[in-house]
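Presented below is the structure to which this report refers.
Read-outs: derived from the displayed coordinates by stated rules, not from any lab. Computed from a predicted structure; not experimentally measured. Positions of Cβ are generated from backbone atoms using ideal geometry, with glycine treated the same way; all protein chains shown enter the neighbour counts.
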Amino acid sequence: MKKEEVSFEIDRAKEEELDQLVHIYLEGYRGLEEYSYTHIDDVRSYMRWLWKRDPEGIFVARVGGKPVGFVAGDSNWFSRRESRKVGAIHEIVVLPEYQGMGIGHALMEKVLNYFKEKGLDRAELWVGDENYKAIEFYHRLGFREKGQYNYWIRMVKELGSKD
Ligand SMILES: CC(C)(COP(=O)(O)OP(=O)(O)OC[C@H]1O[C@@H](n2cnc3c(N)ncnc32)[C@H](O)[C@@H]1OP(=O)(O)O)[C@@H](O)C(=O)NCCC(=O)NCCS
């Protein structure tokens with residue numbers, strides 16, 4: 001069933017709202033705990049790590065000013081598989097009640113454009129092998145599977161291409 005439309009805005013994360021993003025992460029990953037941190041202290045450390053990697057690469061979707069999802073991109077990532085720099089998407093999560101409304105797609109578009117502005121020509125991410133919803137989501141965005149490590153699938157997208 002189609003969900004109702006919601007109007008949202010996307011802009012860069014602010015350091016002082018990282019704790020709100022921690023809560024979005026914990027809620028968004030319910031049911032997918034095998035692929036996520038579950039202790040709040042671990043999520044806080046992870047969020048600090050994401051911020052240090054590339055503060056300009058974290059984008060937040062807001063509904064009426066309230067953060068409901070975010071993507072954490074990293075334009076400084078050296079891919080060991082590629083032996084070169086790529087744009088890495090370390091994290092994307094949308095609150096369950098706001099999923100299926102196009103917010104995830106809009107966040108991905110934003111971060112992929114950011115990578116292009118930085119002169120990167122490839123994006124990379126890792127997704128849990130049974131996180132079927134996310135895998136399908138990435139396929140629709142033009143990512144293809146390229147390798148696996150344990151239960152993580154590596155997906156890549158050429159940033160010059162239209163799909
Ligand atoms: C993966 C995730 C970020 C997607 O976010 P989202 O906001 O639900 O994504 P979207 O709404 O843009 O798209 C998801 C699907 O919803 C549907 N959808 C999109 N817009 C819609 C709309 N206006 N109305 C109804 N359905 C819609 C589509 O079926 C879409 O599938 P598609 O990718 O085949 O087009 C979200 O499911 C999530 O937070 N998952 C938990 C965390 C996670 O697994 N993260 C990935 C880790 S690698």
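Things to note:
- Orientation-averaged projected area, Cα convex hull of the stretch 3-133 (nm²): 8.1 nm²
- Look at the dipole of the stretch 9-121 built from charges on Cβ: of Tyr35, Gly104, Pro55, the Cα furthest out on the positive end belongs to Pro55.
- Put a plus charge on the Cβ of each Lys and Arg, a minus charge on the Cβ of each Asp and Glu, and nothing anywhere else: the dipole of the stretch 9-121 about its Cα centre is then about 400 debye.
- Quarter of Cα convex hull surface for the stretch 86-163, i.e. mean projection, nm²: 5.1 nm²
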